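Working notes for the structure below.
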Amino acid sequence: MPAERVLLLADTHVPRRARDLPEAVWAEVAEADVVIHAGDWVVPDLLDTLEQRARRLVAVFGNNDGAELRRRLPEVARETVGGVRFAVVHETGDAKGRERRCQEAYAGVDVLVFGHSHIPWDSVTPSGLRLLNPGSPTDRRRQPRCTYLTLTAHDGSLQDVRLHRLPLRGAPG
């Protein structure tokens, strides 16, 4: 089974928080075998573009997504990538108790990708479920930088999980 390069995104909020994704993110889309988006697109335009530009897209809707996005996308997606069983959802609730809740709700999954908070997250439950939130590439809120995640899925395991911090808008890289 070949290694697959995966890009994790969430909370893009285009065009409310940014007119488009940053160029660095589009470069990652071009390199990725799979793009996973954990919701809060806001309008379908970015979904249309990612569907055209990504080799493979796994995506869900978020709480800020209207009727068309909810019609086109599931609330929860499940896909196997590089032998790794992924689930994707927008919201997981409060940080307190997250591991326990997700471990119960997503038994049989290796990795749960989620969004909503705009806060990068990487933890492992007692059962071994890995929880990943890439933050947001367009709306840092109270975070120091906008972020996204990349990783490699190969032979049923994750490798090279990396949080990317984008430069502040208007600041040199």
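The values are calculated or read from the model by the stated rules, or taken from the named source; none is laboratory data. If you're wondering where the values come from, they're calculated on a predicted model, not measured in any experiment. Cβ placement follows ideal geometry from the backbone for every residue including glycine, while neighbour counts extend to all protein chains displayed. These accessible areas exclude ligands, DNA and RNA; they are computed on the full protein's heavy atoms, side chains included. Shrake-Rupley method; radii C 1.70, N 1.55, O 1.52, S 1.80 Å.
Numbers for the structure displayed
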| item | result |
| --- | --- |
| The chain: relative contact order in percent, alpha carbon pairs under 8 Å with at least 6 residues between | 25 percent |
| Unit charges on C-beta of K, R, D, E only; dipole of the stretch 62-150, Debye | 180 debye |
| Mean Cβ count within 10 Å, highest first, over the residues of peptides 90-101, 74-85 | 74-85, 90-101 |
| Within the chain, helix-based [θ] at 222 nm, where runs of 4 or more DSSP H residues each add -39,500 (n - 2.57), nearest 500 | -5000 deg cm²/dmol |
| Two-decimal Rg/Rh across the stretch 1-57, once Rg and the Kirkwood Rh are taken from alpha-carbon atoms | 0.97 |
| Beta bridges per DSSP with both ends in the stretch 47-139, % antiparallel, nearest 5 | 60 percent |
| The stretch 37-83: translational diffusion in µm²/s, Stokes-Einstein, Kirkwood Rh over Cα pairs, 10 °C, 1.306 mPa s | 144 µm²/s |
| The stretch 7-66 and the stretch 94-161: distance between their alpha carbon centers, rounded to Å | 17 Å |
| Positive-pole candidate from 7, 84, 117, dipole of the chain, charges at beta carbon | 117 |
| Charge dipole (debye, nearest 20) of the chain; +1 at Cβ of Lys and Arg, -1 at Cβ of Asp and Glu | 480 debye |
| Kirkwood Rh, angstrom, the chain [1 / mean 1/r, Cα pairs] | 15.9 Å |
| Heavy-atom accessible surface of the stretch 81-131: percent carbon and sulfur, 1.4 Å | 51 percent |
| Length-normalised contact order of the stretch 54-130 in % [C-alpha pairs under 8 Å, at least 6 apart] | 25 percent |
| Probe 1.4 Å, all protein chains present, accessible-area order of 20, 160, 65, largest first | 160, 20, 65 |
